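Notes to accompany the following structure.
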Protein chains: 2
Amino acid sequence: MVFQEERITEIGKKLHQAGMKLTPQRRATVSTLLEYQTKHLSAEELFTLIKQKEPEIGLATVYRTLDLLTELRIADRVTFEDGVARYDLRCEDHQHFHHHLLCSVCGKVEEIHEDLLVEVEQEVLHKYGFKVRDHRLTFHGICAACSKNIKQSN
Amino acid sequence: MVFQEERITEIGKKLHQAGMKLTPQRRATVSTLLEYQTKHLSAEELFTLIKQKEPEIGLATVYRTLDLLTELRIADRVTFEDGVARYDLRCEDHQHFHHHLLCSVCGKVEEIHEDLLVEVEQEVLHKYGFKVRDHRLTFHGICAACSKNIKQSN
DNA sequence: TACACAACTGACAATTTTTTTCATTTTTGA
DNA sequence: TCAAAAATGAAAAAAATTGTCAGTTGTGTA
């Protein structure tokens, strides 16, 4: 958990740069997001988990903190098919949001951290004059494991 | 509006194939979706508009119809930053969902109907074994008009 | 035609998710 | 030390969506 502490400190700095504080509630929220990276938890789910660390925290604070982190681009909000907002920490070294693979069979969400869209974004700039600063890309389909199962069962 | 009628009849056929009817309420919903294509209206917004055609319709029916159209892949649900579900008719000749350009300055949503992702999807198949069947791609950035304005004001 | 049945509907209640309000507490800087 | 600003929890409120249910409509079949 050494890396976690470093990461939290770093995020604390970003908050301070924006004139805000790393309160115990915010620390617990960030730490939980770190702990459950790639899990795409909703505000409610996070609230339940964060309360284990910081039992006094209220749901509204979790919402407020998540909004704050999203605004500062420390976290990203993403919505899959159920319509509930979910939260992901943005990777330190990536300025763009990562992509998701959503399996229609098992429902699993995989992450892709390479930036597949460099060329596409240049095309968008040339053809439409649109300057891309960020993106949301989710593929719907069948994951490797489920493809295998389908083949076997035939 | 000749094309609209054709399009509605065609969608009626799809419903029948699935064992469902093209009721007046559903017809009014589809027709409104056609009329306001590319507007990305929410269920509430559609409800207000549809009532002008079909005053007896209830909000629940609009939700039910939109769910139905989404399931039959006649329409697509998409969520932008405000978290509200919005609905787009899928283009007849496109089997994939189209893309969106969301301007952070003026808030406008443009559509891109060309499929920029063919190569990316092959890459995803090769690298991750994930068979893509559909996608959601939204670019966040600055549209051509706003870029121009920003330059001028400097 | 009559009838049975399934699809469909509107009204409204209920639920779920998110935001707002407000009184109180904490922190910070002068 | 003290005043202002920032942050918080609890609860109410708002917004979005879904479920319930009694009644209607349409369809196929005898």
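Just so you know, all these numbers are worked out from the coordinates, no wet-lab data involved. Because the structure is predicted, anything quoted here is derived from the model rather than measured. No Cβ is skipped: glycine too gets one built from the backbone with ideal geometry, and neighbour counts run over all protein chains shown.
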message = Tell me the net charge near residue A:50. Cut-off is 12 Å between Cβ atoms, residue A:50 excluded, with +1 for each Lys or Arg and -1 for each Asp or Glu.
response = -1
task = With r as the distance between the Cβ atoms of residue B:150 and residue B:91 and R0 = 25 Å, compute the FRET efficiency 1/(1 + (r/R0)^6) and round to 0.05.
result = 0.20
request  = Mind jotting down a quarter of the surface of the convex hull over the alpha carbons of the protein assembly as shown, in square nanometres, one decimal?
outcome  = 20.8
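At 222 nm, what value in deg cm²/dmol follows for chain A if DSSP H runs of at least 4 each add -39500 (n - 2.57) and the sum is divided by all its residues, to the nearest 500?
Numbers: 6 runs with 72 residues, N = 154.
Using -39500 (n - 2.57) per qualifying helix, the result is -14500 deg cm²/dmol.
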ask   = Just in region A:101-142: which trypsin sites (Lys or Arg not before Pro) are loop by DSSP and have at most 16 other Cβ atoms within 10 Å?
value = A:108
query = What number comes out for the charge environment of residue B:62, summing +1 per Lys or Arg and -1 per Asp or Glu over other residues with Cβ under 14 Å away?
reply = +2
request  = Any lysines with Cα under 24 Å of the residue A:151 Cα? List them, leaving off those in the same chain fewer than 8 positions away.
outcome  = A:108, B:127, B:131
ask   = Going 7 Å from the Cα of residue B:134 in the Cα-to-Cβ direction, what parts of region B:43-74 have a backbone nitrogen less than 12 Å from that spot?
value = B:67-74
query = Can you give the convex hull volume of the alpha carbon atoms of region B:99-153 per residue, in Å³?
reply = 95
Rounded D (µm²/s) - chain B, Kirkwood Rh over Cα pairs, Stokes-Einstein at 10 °C, 1.306 mPa s = 92
task = Mind putting a number on the dipole of chain A about its Cα centre? Charges go on the C-beta only, +1 for Lys and Arg and -1 for Asp and Glu, and I need it in Debye to the nearest 20.
result = 240
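Ranked by Cβ crowding within 10 angstrom, fewest neighbours first, how are B:139, B:47 ordered? Each step should come with its number before you reach the end.
Details: B:139 26, B:47 20.
The most exposed by this proxy come first: B:47, B:139.
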query = Relative to the Cα centre, what is the charge dipole magnitude of the protein assembly as shown, using +1 at the beta carbon of each Lys and Arg, -1 at the beta carbon of each Asp and Glu, and rounding to the nearest 20 debye?
reply = 460
remark   = Here, residue B:13 and residue A:127, labelled 7 Å along Cα→Cβ, have an inter-label distance in nm of 2.9
message = If you take each beta carbon of peptide A:109-116 and count the beta carbons of other chains within 10 angstrom, what is the mean?
response = 2
request  = Would you mind computing, in nm to one decimal, how far apart the modelled labels at residue B:36 and residue A:42 are, each placed 7 Å from Cα along Cα→Cβ?
outcome  = 2.6
remark   = Quick calc of log₁₀ I(q)/I(0), region B:2-89, Debye, one scatterer on every Cα, no solvent, q values 0.12, 0.19, 0.21, 0.24 1/Å, result -0.31, -0.81, -1.00, -1.30
